[in-house]
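Visitor: There's a structure below that I have some questions on.
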Amino acid sequence: MTRQTDTLFTFFNEIGIISQLATGMFEQQLPHELTISQFGVLNWFVRVDARATPSRLARAFQVTGGAMTNTLKKLESKGFIEVRPDEKSGRQKRVTLTKSGRKARDESIAAVGPLLAELAEAFPATGLERQVKQLSKVREYLDDYRDRES
């Protein structure tokens, strides 16, 4: 490997390890027995769009339709989302966030507040802001790459 590819491998390896460690830390704090995947779906509805099809969500989260269906069923059983037939197409379904789902998402963010405060002491915002900008560029590139490949 070249220095550049070696650095890229190390970069993505570190991101993977950070993701695993952070997932475990955050999941322990989440209320309502939410998994990080379930929280991710609730958060997606607040950040991105109020409605979606299960296939759109599966694509957004890079999971199979079956995996997303499983996540959605668990969220629906908790009353955090509604899954209904599409008004225009009887075959497709539309998923929406309920008020309870929005509340659970907000409670989740509040629940991880103390953990975020501890991390903020260890990693000042000034250093992280530069890294966030660079990571956002990497994410945007990978999003575009995914769209090119599909």
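The values are calculated or read from the model by the stated rules, or taken from the named source; none is laboratory data. Every value quoted in this text rests on a predicted model; they were computed, and no experiment measured them. With ideal geometry, Cβ positions are generated from the backbone for all residues, glycine too; neighbour counts draw on all protein chains shown.
Visitor: Being surrounded by 12 or more Cβ atoms within 10 Å (Cβ to Cβ) and on the phi > 0 side of the Ramachandran plot is the filter here, so list the residues in segment 1-42 that pass it.
Guide: 32
Visitor: Among the residues of segment 42-54, what is the count of those that are in contact with a helix residue (DSSP H, G or I) (Cβ under 6 Å, 6 or more places away or on another chain) and either small (Gly, Ala, Ser) or under 15 Å from residue 93 (Cα atoms) (or both)?
Guide: 1
Conditions (1) within 14 Å of the chain's Cα centre (by Cα); (2) touching a residue at least 12 places away in the same chain (Cβ under 8 Å), marked per residue:
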| residue | (1), (2) |
| --- | --- |
| 56 | yes, no |
| 78 | no, yes |
| 103 | no, no |
| 110 | no, no |
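Visitor: A further question follows. In the set 91, 146, which member is surrounded by 10 or more Cβ atoms within 10 Å (Cβ to Cβ) and out of contact with any helix residue (DSSP H, G or I) (no Cβ under 6 Å at 6 or more places or on another chain)? Full working, then the answer.
Guide: Numbers: 91 fails: surrounded by 10 or more Cβ atoms within 10 Å (Cβ to Cβ).
Result: 146 is the single residue among 91, 146 that is surrounded by 10 or more Cβ atoms within 10 Å (Cβ to Cβ) and out of contact with any helix residue (DSSP H, G or I) (no Cβ under 6 Å at 6 or more places or on another chain).
Visitor: Out of 75, 21, I need the residue that is in contact with a strand residue (DSSP E or B) (Cβ under 6 Å, 6 or more places away or on another chain), closer than 25 Å to residue 106 by Cα and not assigned by TED's automatic domain parsing to the domain that holds residue 135. Which one?
Guide: Values: 21 fails: in contact with a strand residue (DSSP E or B) (Cβ under 6 Å, 6 or more places away or on another chain).
Among 75, 21, only 75 is in contact with a strand residue (DSSP E or B) (Cβ under 6 Å, 6 or more places away or on another chain), closer than 25 Å to residue 106 by Cα and not assigned by TED's automatic domain parsing to the domain that holds residue 135.
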